[in-house]
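The values are calculated or read from the model by the stated rules, or taken from the named source; none is laboratory data. These numbers were taken from a predicted model, which means no experiment stands behind them. Here Cβ is always computed from backbone atoms with ideal geometry, including for glycine, and neighbour counts include all displayed protein chains.
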Amino acid sequence: MPIITIQVIEGVVLTSPEQKRELLKKMTDTFISVVGDVARPYTYCIIQETPVMEWSIAGTPLPDLPFLYGPEYASMHKTSNELMRKYIESQANHPPAQSSNGNLSEQNKKIMHRMIEEIWNQGNLATADELFTPDHTSPSAPQLPPGAEGVKFLVKMFREAMPDYHMDIDLMVADDAQVTARFTQSGTHTGGDLMGMKASGRKATWTEIGILKIKDSKIVESWYEVDMLSMIQQLNGTKQ
């Protein structure tokens, strides 16, 4: 197990608990840079959840240091390294941890991908019941029914009007609360009516941007900006 080495800065005085806390944060960052992210959830938990006046590592108190140099610092440095080494080794069988944000953002991307691929491209409406909350709303389309029924209505309308309907995800970004994507859609109007338009046999390609707000792995709210004018002009044969 590697042990961190922090350069001693002569003459720097720690005059407040906040300064001590900041030093501990820097030590933690240095330690993590050596042993990897496996240490991060444990070390940052210590820093964030320990009161300012209780300066400790892995629950073991460290001496109250007035100076960042001399034998007191060397003693603290040695003690903290040993405590951290023992603590990390005690967690050796734990899988490397990722930040919660990273995990959630990837999960949210998968939800967006499932919505597009399974619901829109495959027409699997049962997936909508799985992904959307019963009280889901879409402020950009307030006339739609709440929950999964809104997206089911739209999917049926487009897929019945355009049997070859398909949507591609061009770009997707996510954080731990929402996911945003840009889509390219295409289809040939050979089926039923589409928003009052009779089948023309024409093919249209148009773009859209969608934003999903996600909580507990469910879509609770969504917004869509669709280039509907381009689609209508192509299907009517009026697009220049």
Checking Pro145 against (1) over 15 Å from Val220 (Cβ atoms); (2) surrounded by 15 or more Cβ atoms within 10 Å (Cβ to Cβ): exactly one of these is not met. Which one?
(2)
Among helices (runs of 4 or more DSSP H) entirely inside the stretch 125-239, those with 2 or more residues being in contact with a helix residue (DSSP H, G or I) (Cβ under 8 Å, 6 or more places away or on another chain) and modelled with pLDDT of 90 or more are 126-131, 148-161
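In the stretch 138-162, what residues are of a type in the set (S, T, N, Q) and either farther than 27 Å from Met197 by Cβ or not assigned by TED's automatic domain parsing to the domain that holds Lys215 (or both)?
Of the stretch 138-162, the ones of a type in the set (S, T, N, Q) are 138, 140, 143.
Residues satisfying the conditions do not exist here.
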